[in-house]
Every structure is written in C-alpha cells, then in structure tokens.
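A short worksheet on the structure shown next.
A short reminder: the numbers here are calculations on the coordinates, not readings from a lab. What you are looking at is a predicted structure, and each value in this text was computed from that prediction instead of being measured. Cβ sites come from the backbone with ideal geometry, for glycine too, and all protein chains shown count toward neighbours.
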Amino acid sequence: MNFKKITILGGGNLGSSIAQGIIDKKLTNPQNITITRRRVHLLDALKNQGVTVLSENEKAVEGSDLVIFAVKPHQINGLLEKVAPTIKAQKPIVVSVITGVTISQLKKALPGINVVRAMPNTAIALGESMTCISGNGDSKNTEERVRKFFGQLGEAIIINEELMGAATVIGACGVAFALRFMRAMSQGGIEIGFGAEVSQLITAQTLKGATRLILESQNHPEKEIDKVTTPMGVTISGLNEMEHQGFSSAVIKGLLTSFNKLDLVKLKKDN
Ligand SMILES: NC(=O)c1ccc[n+]([C@@H]2O[C@H](COP(=O)([O-])OP(=O)(O)OC[C@H]3O[C@@H](n4cnc5c(N)ncnc54)[C@H](OP(=O)(O)O)[C@@H]3O)[C@@H](O)[C@H]2O)c1
C-alpha cells in the first residue's frame with residue numbers, strides 16, 4: 001500500500017532526489033508531496049512540477065502518512081523539537097535517511113511512533129537507488145511497507161541496523177566511488193584517441209552493460225572477467241597493471257577510510 005501524503009523534511013541533494021523519483025514513478029500525485037528547506041527558492045524545479053514547497057516544517061508534516069527526515073545529522077535535533085508534537089499527535093510513519101542517527105535516538109523524541117531508517121542513494125531520482133532499510137526489528141509490517149515503497153524506486157533490502165554504516169559506505173558513498181572510476185576510464189579514453197563526449201558515452205554504456213551482466217546473471221565478477229581475458233591478451237595485461245598499481249587495494253582502503261569516518265560525521269557542520 002503506497003502512501004497518500006508524503007512530506008520530506010530537508011530538500012537537499014537526497015531529499016530532492018527522493019521527491020523526483022516519487023514523481024517520475026507516479027507513487028503519488030505531486031500535489032500530495034510536500035518538501036521543506038529554509039531556502040525554498042532552491043526548490044523551484046519541484047514546485048514547478050506541482051510539489052508543495054515550504055520552509056515551515058510543522059505545517060509540512062500536518063496530515064502526512066509518511067514523513068521522511070533528510071537533513072544533515074547535526075540538524076536533526078532542532079528539527080525534531082519543532083515537528084515532534086505534530087508527529088506524536090498524528091502518528092505518520094517516520095523514515096530517516098540521516099547518516100549515523102539511530103532509531104533509538106529518534107524514538108526518544110518520537111515515542112510510540114514507527115520509525116524506520118533507510119539508506120538510499122541519489123540514483124533514487126531515476127528509480128535506480130539501492131536502498132537498505134532497517135526498522136530494528138520493531139515493527140515488521142512497517143519495515144516491510146517501507147521496503148516495498150523504496151523497492152519501487154530501485155532495489156530495496158532489509159538489513160540489521162548495525163549494518164547501516166556499511167550500507168552508507170557501499171550504497172550511498174558508492175555512487176561517488178563508481179563515478180570516480182568512470183571519470184578515470186573516460187580520461188584514459190581521451191588519451192588513446194576519443195573526444196571527451198564520446199569517451200564518456202563509451203565508458204558509461206560499458207559500465208552499465210557490465211553492471212547488468214552481474215545483476216542479471218548473479219555471477220561473480222571474475223567469471224565475467226574470465227570471458228574477456230584472452231591468455232597473453234590485452235585485457236589481462238591492462239588489468240594486471242592496474243593491480244600492480246594498487247587498484248583493488250585502493251578501493252578497499254577507501255571504503256574502510258569512509259567507514260571509519262562515520263563516527264565523526266554527526267559532529268560535522270555545514271562546509
Ligand atoms: N547525498 C547522498 O547521496 C546521501 C545518501 C544517503 C544518505 N544521505 C543522508 O541524507 C541527509 C541529507 O544529505 P544531503 O546530501 O541531501 O544533504 P544536503 O544537500 O545538505 O541536504 C540537507 C538539506 O536540509 C535542509 N535543511 C537544513 N535544516 C533544515 C530545517 N531545519 N528544515 C528544513 N530543511 C532543512 C538544507 O537546506 P536549507 O539550508 O536551505 O535549509 C539542505 O538542503 C544526510 O543526513 C546524509 O547523511 C545522503
């Protein structure tokens with residue numbers, strides 16, 4: 001069952017992407033979506049599609065059956081103070097996409113409310129997110145309802161809450177990691193003869209194809225790599241040189257560095 005009136009508190013990169021995904025996938029009418037931020041003029045693109053844009057969070061949550069918190073971690077406490085009375089009175093389902101803020105922290109301010117954490121990524125705007133969901137085992141029905149909702153905006157799975165940090169790194173930061181690889185491949189393409197636009201197109205479509213090969217076959221990547229690597233051939237030579245230069249090690253170390261940084265994230269102010 002989809003939600004009728006959806007409110008997104010914090011219309012930044014992720015909040016706006018969620019709203020765009022909901023509109024494009026027609027999960028509800030744009031008129032039933034409300035999104036907030038303090039600088040509302042930055043939400044004109046959504047406003048022009050029929051979404052209600054507001055700076056008053058208290059007003060925005062009125063009558064909603066789904067409220068999504070999408071502000072930065074250090075902004076949540078001030079926001080909760082404002083909206084908790086209305087949420088406690090009206091009892092919508094609350095979803096938080098905020099990194100590092102636990103369900104028990106949210107429930108302290110919202111006792112008796114069904115709270116679920118979700119970790120999507122910005123590809124949600126295209127209905128291609130990977131979203132990890134956790135209700136901390138509290139309300140299985142709510143957790144499943146939220147999973148189904150995000151499942152219409154890409155893939156959505158339920159995980160234990162203690163894995164939310166790992167989900168943040170692979171699923172959310174992962175977009176940036178993949179795009180940096182894409183940039184590197186595209187720049188290499190320029191050095192061996194293509195113009196920037198063509199090189200980017202070849203790179204992006206090749207990565208899309210490689211991704212589908214894995215998603216649809218569920219093969220281990222090495223199995224698909226074996227199909228491309230002729231003995232003494234060009235592909236294996238390039239691949240091995242990348243490994244000599246520390247490719248896999250650099251990716252894994254980068255993931256671990258991001259993971260170890262998560263604990264500091266709540267203290268970080270806007271920059
Ligand atoms: N970006 C991602 O890929 C991603 C992925 C997964 C999870 N997350 C998590 O999602 C959250 C949002 O990330 P983001 O990248 O979208 O950050 P962001 O672009 O900075 O968005 C946060 C938004 O919240 C608004 N805001 C701040 N205080 C507010 C208030 N009191 N009322 C209403 N709006 C308020 C800010 O706009 P104003 O300054 O105009 O108010 C800003 O646009 C973070 O907790 C992040 O950890 C992000």
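Taking one equal scatterer on every alpha-carbon of the stretch 49-202, how large is log10 of I(q)/I(0) by Debye at q = 0.08, 0.11, 0.13, 0.17 1/Å?
Result of the Debye calculation: -0.30, -0.52, -0.67, -0.98.
Rg to Rh ratio, the stretch 68-121, alpha-carbon atoms and Kirkwood radius?
That ratio is 0.92, to two decimals.
Using a cut-off of 15 Å between alpha-carbon atoms, which aspartates and glutamates can reach Lys59, once sequence neighbours fewer than 8 places away in the same chain are excluded?
Glu81
For helix 247-261, report the angle its Cα long axis makes with the longest principal axis of the Cα atoms of the chain; keep it between 0 and 90° and round to the nearest 10°.
Between helix and principal axis, roughly 20 degrees.
Starting from the Cα-Cα distance between Ala210 and Arg39, subtract it from 0.36 nm times their residue separation and give me the gain in nm to one decimal. Walk me through the intermediate numbers first.
On the way: separation 171, 0.36 × 171 = 61.56 nm, distance 4.01 nm.
Gain on extension, Ala210 to Arg39, equals 57.6 nm.
Using a cut-off of 13 Å between beta-carbons, work out the net charge of the residues near Thr36 (Lys and Arg +1, Asp and Glu -1, Thr36 not included).
Details: positive: Arg37, Arg38, Arg39, Lys47, Lys59, Lys82; negative: Glu56, Glu58, Glu62.
Counting the neighbours of Thr36, the net charge comes to +3.
Which values, in whole Å and largest first, are the semi-axes of the equivalent ellipsoid of the chain obtained as the square root of 5 times each eigenvalue of the Cα gyration tensor?
Numbers: eigenvalues 291, 82, 63 Å².
For the chain, the ellipsoid semi-axes come out as 38, 20, 18 Å.
So between Arg183 and Lys253, what do we pick up on full extension, going 0.36 nm a residue minus the alpha carbon distance?
Full extension from Arg183 to Lys253 adds 23.3 nm.
What is the angle, in °, between the Cα long axis of helix 234-244 and the longest principal axis of the Cα atoms in the chain? Nearest 10 is fine, range 0 to 90.
60 degrees
For the stretch 200-240 and the stretch 152-168, what is the separation of their C-alpha centers, rounded to whole Å?
Going from one Cα centre to the other spans 26 Å.
Only Cα pairs under 8 Å and at least 6 apart count here; give the relative contact order of the chain as a rounded whole percent.
Across the chain, relative contact order equals 15 percent.
To the nearest 10 degrees, how steep is helix 196-217 against the longest Cα principal axis of the chain, on a 0 to 90 scale?
Approximately 80 degrees, to the nearest ten.
Along its three principal axes, how long is the stretch 1-129 when you only count alpha carbons? Whole Å, largest extent first please.
Result for the stretch 1-129: principal-axis Cα extents of 36, 32, 27 Å.
With a bin width of 10 angstrom, please list the P(r) values of the stretch 142-271 as percents of all Cα-Cα pairs, from the 0 bin to the one holding the largest distance.
For the stretch 142-271, the pair-distance distribution reads 10, 28, 36, 20, 6, 0.
Given the chain, what percent of its DSSP beta bridges are antiparallel, to the nearest 5?
10 percent
Taking a cut-off of 19 Å between Cα atoms, list the aspartates and glutamates near Lys148, but don't count ones fewer than 8 places away on the same chain.
Within reach: Asp24, Asp65, Glu128, Asp138, Glu161.
Please give the calculated 222 nm ellipticity per residue for the chain, where each DSSP H segment of at least 4 residues contributes -39500 (n - 2.57) and the sum is spread over every residue; nearest 500 deg cm²/dmol?
The per-residue figure over the chain is -14500 deg cm²/dmol.
Using 31 Å as the Cα-Cα cut-off, could you pick out the over-long pairs in Lys108/Lys208; Lys47/Lys82; Lys108/Lys140; Lys223/Lys261; Lys4/Lys72?
Violating the 31 Å limit, Cα to Cα: Lys108/Lys208; Lys223/Lys261.
Could you give the dipole magnitude of the stretch 27-96 about its Cα centre, charging the beta-carbon of Lys and Arg +1 and that of Asp and Glu -1, in debye to the nearest 20?
The dipole of the stretch 27-96 has a size of about 180 debye.
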